[in-house]
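Taken together, the values in this text are just the output of simple stated rules run on the coordinates, not laboratory data. What you see is a predicted model; the values in this text were computed from it and never measured. Cβ: placed from backbone, ideal geometry, glycine included. Neighbour counts: every protein chain shown.
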Amino acid sequence: MPLRPDLIDILRDEAAPIVILTGAGISKESGLHTFRDPDGIWAKYDISDVATPDAFVNNPDLVHHFYNDRRAALLDSNIQPNAAHHALARLETEWPGDVLLVTQNIDDLHGRAGSKNLIHMHGELLKIRCNHCDLLTAWADDLAKETACPACGKAGGLRPHVVWFGEMPLEMDRIYAALGDCGLFMSIGTSGNVYPAAGFVQVAHEEAGAETVELNLEPSTGATLFDHSTYGPATELVPAFVD
Ligand code: BV8
């Protein structure tokens, strides 16, 4: 069922805490690829070759190449936050209650748009970390080619700061605490295929009794789990929702 405008007014009057989950669809109109659409990243690469801990052990050069290509795409000057990213940054400043933005995206477009209360649950493309000493630092072309960590000196541990399949997503305690206390949960631009993110709607519904809203180009895998849904491009739906 579509979201009733008076529901948002009621939630605003209550200063209801909001948790927003975003996925690759919100960055599509900025020019970045999604994963599971026909022209998506997983149509060109096999997940098991590039996005698992085993892939990095078996072929680190391919994994570095995969993420370096995506860094180059993200750093293209044509790639900028779009109207949906900006609208969510506005929501954070204008909403009377807490707004937590949880993104599965490893791009930096939410941050560039001005969102501050932001969790990158699957990591950040423009950071690199050391498996040996947990050094977390900004990615740099020469650093990625180093074999030794500049902090601990050990070789072979520098890896993209991303959460691969089989690894624990980041800041889960903080995310579940916010889900258990929210009045509104929104899911934007995600196909609902990857857990634990795909299960957040049920946590918000069952533990917090939250209203749940899906904004996406098309019904996601878990579309029936949402109380309300609206379908179309994020650059239209999200500003319309916020403003
Ligand atoms: C974990 C790396 C334990 C970073 C990514 C069975 C077997 C084996 C494993 C599992 C299993 N069941 C569950 C699992 C666990 C597994 C999993 O979910 N597998 C799936 C495939 C079944 N999950 C994990 O391993 C996770 N870790 O579970 O740890 C645990 C247990 C309990 C509690 C906590 C932890 C780790 C998952 C991390 C995966 N990392 N990638 C990278 O290289 O980017 S996943 C990858 O998918 C990306 O990170 C991406 O963010 C994520 C989600 O994809 P979406 O963002 O949804 O993108 P997608 O293309 O799918 O959809 C885009 C949507 O946008 C579409 O619906 C489209 O219609 C829409 N759209 C398009 N254009 C627009 C639009 N919408 C609006 N406007 C538009 N213009």
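For this structure, a couple of remarks:
- The simple Förster model, with R0 at 30 Å and r as the Cβ-Cβ distance, assigns Asp54 and Asp227 a FRET efficiency of 0.15.
- Label separation (Leu217 vs Asn68): 3.0 nm, computed from points 7 Å beyond Cα along the C-beta direction.
- For the chain, Cys182 have no disulfide-compatible partner, since no other Cys C-beta lies under 4.7 Å from theirs.
- Unit charges on C-beta of K, R, D, E only; dipole of the range 14-79, Debye: 80 debye
- Stretchable slack from Asp39 to His132, in nm (0.36 nm times residue separation minus alpha-carbon distance): 29.9 nm
- Over the chain: helical MRE at 222 nm, DSSP H runs n ≥ 4 each giving -39500 (n - 2.57), nearest 500: -10000 deg cm²/dmol
- Only lysine pairs 8 or more places apart or on separate chains count here, and in the chain those with Cα atoms under 27 Å apart total 9.
- A DSSP coil position with no more than 16 other Cβ atoms inside 10 Å describes the following GluC sites (Glu not before Pro) in the range 147-243: Glu167, Glu171.
- Hz values of 3J(HN,Hα) by residue in the range 11-17 - Karplus curve (6.51, -1.76, 1.60), Gly and Pro given as x: 5, 5, 4, 7, 6, 5, x
- Taking 0.36 nm per residue of separation and subtracting the Cα-Cα distance, full extension of the segment from Glu29 to Asp141 would add 37.6 nm.
- Long-range amide H partners of Lys127 with built H, under 5 Å: Trp139, His161
- Overall, the anisotropy analysis places the chain in the prolate class: the square-rooted eigenvalues a ≥ b ≥ c of its C-alpha gyration tensor yield a/c not less than 1.5, with a/b exceeding b/c.
- Measuring r between the beta carbons of Cys152 and Ile47 and using R0 = 30 Å, the FRET efficiency lands at 0.50.
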